[in-house]
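The values are calculated or read from the model by the stated rules, or taken from the named source; none is laboratory data. Quantities reported herein were computed from a predicted structural model and do not represent experimental measurements. Please note: Cβ atoms are built from the backbone with ideal geometry, for glycine as well, and neighbour counts cover all protein chains shown. Accessible surface areas use protein heavy atoms only, side chains included; no ligands, DNA or RNA. Shrake-Rupley method; radii C 1.70, N 1.55, O 1.52, S 1.80 Å.
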Amino acid sequence: MKFRFLSLILLTGSLGAAHAQQAGKPEDTEVYEPVPAVVAPGKTPGAAPADALVLFDGKNLDQWVSTKNSGAKAGWTVAGGVFTVKKDEGNIETKRSFGNYQLHLEWRVPANITGTGQARGNSGLFLASTGKDDLGYELQILDMYQNKTYVNGMAGSLYKQAIPLANPARKPGEWQTYDVVWTAPVFGAGGALVSPAYATVFFNGVLVQNHTALTGPTQYIGKPSYAQAHGPLPIKLQAHGDKSEPLSFRNIWVRELPAAK
Ligand code: MG
């Protein structure tokens, strides 16, 4: 009896509190505008949605240029619906520049890969290219199947800045996916940093970077910093100088995103 009485007091109390918080009508908090744009999704998982800019559709590298020979055609090899790194041609980058975006990219380490550590299937996705060669923010690409290296240099790492949350790598010879949300850094008057870059990365569908803040463009030696303000930049792929067999890529598309509010 005593217990029932106590329950009644608690119930009355909580109803009173709920009432106080929910004055007004349900309609008061229902929003109708702006209406999100209709986007036809890709026909299969990983396929480009209707509003994406396709950066490689299996046919040519028309959306890409060489970074070694400024503005020249990207000289990597296109065959069988994929393209393959040609190391002596150097890095390639997109003709277009991007601020914030969503990107899908597929990569494959060849089945006959040799080498160890960083010299085994090394490439890289520079989320924004801040200059020639390896300047930019690098999401590492590397054979991570039973291959040991420093953990902040694994595939899925933001190179030398952020260790991936997991290692979902597939075997050499199998296609792997990166799905990235890139938030570009914001600079204010005089080049002062207002907001750092952020990257969210799914590697083969597994979250490996969760809105990770970057401390600046990748540095191979020393600590990164936002020394140079920049706006929208190209996306770049790395022809790494190691001696192992070159990687291939396919199905690359990007969706530009509005600036954060
Ligand atoms: Mg690399």
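For a quick check of understanding: with a 1.4 angstrom probe and all protein chains in place, what accessible area in square angstrom does residue 62 have, to the nearest ten?
About 80 Å², rounded to the nearest 10.
Classify the chain from the C-alpha gyration tensor, please: rounded if a/c falls under 1.5, else prolate or oblate depending on whether a/b exceeds b/c.
On the way: a/c = 2.07, a/b = 1.90, b/c = 1.09.
Verdict is prolate for the chain.
Round to the nearest 10 and give me the degree value, 0 to 90, for the angle of helix 2-21's Cα axis relative to the longest principal axis of the chain.
60
Note the direction-averaged projected area, equal to a quarter of the hull surface, for the Cα convex hull of segment 160-261, in nm².
Details: hull surface 33.1 nm².
The Cα convex hull of segment 160-261, projected and averaged over all directions, gives 8.3 nm².
Express in nm, to one decimal, how much length is gained between residue 165 and residue 116 on full extension, taking 0.36 nm for each residue of separation and deducting their alpha carbon distance. Walk me through the intermediate numbers first.
Working: separation 49, 0.36 × 49 = 17.64 nm, distance 2.21 nm.
Length gained, residue 165 through residue 116: 15.4 nm.
Provide the solvent-accessible area of residue 120, counting protein heavy atoms only and rolling a 1.4 Å probe, rounded to the nearest 10 Å².
Accessible area of residue 120: about 50 Å².
Just 210, 251, 122 to compare: in a GNM of the chain, with alpha carbon springs under 10 Å, which one fluctuates most?
With Cα springs under 10 Å in the chain, the top fluctuation among 210, 251, 122 is at 210.
With the other protein chains left in place, how much accessible area per residue, in square angstrom, belongs to the chain at a 1.4 angstrom probe?
Numbers: 14510 Å² over 261 residues.
Using a 1.4 Å probe on heavy atoms only, each residue of the chain averages 56 Å².
Residues of segment 211-228 with the amide nitrogen closer than 16 Å to a label point 7 Å from the Cα of residue 192, along Cα-to-Cβ, please.
226-228
Ranked from the most accessible area to the least, with a 1.4 Å probe and all protein chains present, what is the order of 150, 159?
Details: 150 85, 159 15 Å².
Largest to smallest exposure gives the sequence 150, 159.
Would you mind telling me the share, in percent, of accessible area of the chain contributed by carbon and sulfur at probe 1.4 angstrom?
Working: 8410 of 14510 Å².
Accessible surface attributable to carbon and sulfur in the chain totals 58 percent.
Take each of the peptides 167-178, 83-94, average the number of other beta-carbon atoms within 10 Å over its residues, and list them starting from the highest.
83-94, 167-178
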